[in-house]
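Please treat every number below as a calculation from the coordinates, not as lab data. Nothing here was measured: the structure is a model prediction, and the numbers come from that model. All Cβ positions, even for glycine, are placed from backbone atoms using ideal geometry, and neighbour counts span all protein chains on display.
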Amino acid sequence: MSKQCSKEIDSAPAPRYDYTFRITVVGDERVGKTRLINCFTLANEPIESTMGVNFKTRVLELDVRGALKSVCLFLWDTSGQPRYDSITSSYYHGSSALIVVFSLASRKSWLSVPRRLDEIAQHANDFAPRILVATFSDTPFRAVSQTEIDAALRAQPQLHFFELASQSLDDATALFERIAHVCLET
Ligand SMILES: Nc1nc2c(ncn2[C@@H]2O[C@H](COP(=O)(O)OP(=O)(O)OP(=O)(O)O)[C@@H](O)[C@H]2O)c(=O)[nH]1
Ligand SMILES: [Mg+2]
């Protein structure tokens, strides 16, 4: 009985998408990586500190040069805990795009952005777009000034930048749709 069930599953046709992109999300602990990914993938789960790496998917229907196409996003949600750094960097190679997240309310998370971008430069494919995401836009306390962010973006014009609240579905959707379009254009 169980064999038959598993056979049926084995023979089920694999879903086909027009495009598949693998997006790795990194950043310090508690900057909102999991909350952002869970929000976008409509995952109704309690938010807990990530151990190692998790992944989630969501399929978007996007207009690509006038035709509707299915775009599957594989989102790798990495832990911000330093003890997982080597596991995290092993996900850089082969990523279609890489997101570095920092919290506008955490100076420490902002100061670790250059190191993370350097690690990405060492391990990721040169063509993979890099996206800097500032979370906690909904909170009044700012540990990072706009002037600093502007200076960093001027120094690295290839970086895409988004400021958002991780729990906002509108923000998360705008971010990942934009990234999907950037990947399609790359
Ligand atoms: N107000 C507000 N809270 C946020 C935001 N992003 C995350 N949080 C909260 O911050 C806490 C940490 O969020 P997580 O998504 O677990 O952070 P993480 O980056 O995945 O952390 P690790 O898995 O430990 O690396 C949770 O309580 C979230 O609800 C945001 O943009 N605004
Ligand atoms: Mg997490």
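A cut-off of 5 Å between modelled amide H atoms, ignoring neighbours fewer than 5 places along the same chain, links Ala143 with Ala105, Ser106. Of all DSSP bridge pairs formed entirely within the range 16-185, close to 35 percent run antiparallel.
Ignoring everything except DSSP H segments at least 4 long, calculate the 222 nm mean residue ellipticity for the chain; use -39,500 (n - 2.57) per segment, divide by total residues, nearest 500. Kindly include the intermediate steps, with their values, before the conclusion.
Values: 7 runs with 66 residues, N = 186.
So the calculated ellipticity at 222 nm is -10000 deg cm²/dmol.
Given N residues in the chain, what is its alpha carbon radius of gyration divided by 2.2 N^0.38 Å? Don't skip to the answer; put the middle values down first.
Details: Rg = 17.5 Å, N = 186, 2.2 N^0.38 = 16.0 Å.
So the Cα radius of gyration is 1.09 times the expected 2.2 N^0.38 Å.
Footprinting exposure proxy ranking of Phe161, Phe176, fewest other C-beta atoms within 10 angstrom first, gives Phe161, Phe176.
Between Glu29, Glu119, Glu45, find the one with the highest GNM mean-square fluctuation for the chain; connect C-alpha pairs within less than 10 Å. In the Gaussian network model the winner is Glu45. Taking Ala128, Ala67, Ala174 in turn, the Gaussian network model of the chain (Cα-Cα springs below 10 Å) assigns the largest fluctuation to Ala67.
Between amide H atoms placed 1.01 Å from N, distances below 5 Å from Ser95 occur with Asn125, all of them 5 or more places distant or on a separate chain. Between 0 and 90 degrees, the angle of helix 2-11 with respect to the longest Cα principal axis of the chain falls at about 70 degrees. Taking 19 Å as the straight-line reach from the Cα of Lys69, the aspartates and glutamates in range (excluding those fewer than 8 positions away in the same chain) are Asp18, Glu61, Glu177, Glu185.
For the chain, what is the relative contact order in percent, using Cα pairs closer than 8 Å and at least 6 residues apart in sequence?
Working: 326 pairs, mean separation 45.2, N = 186.
Across the chain, relative contact order equals 24 percent.
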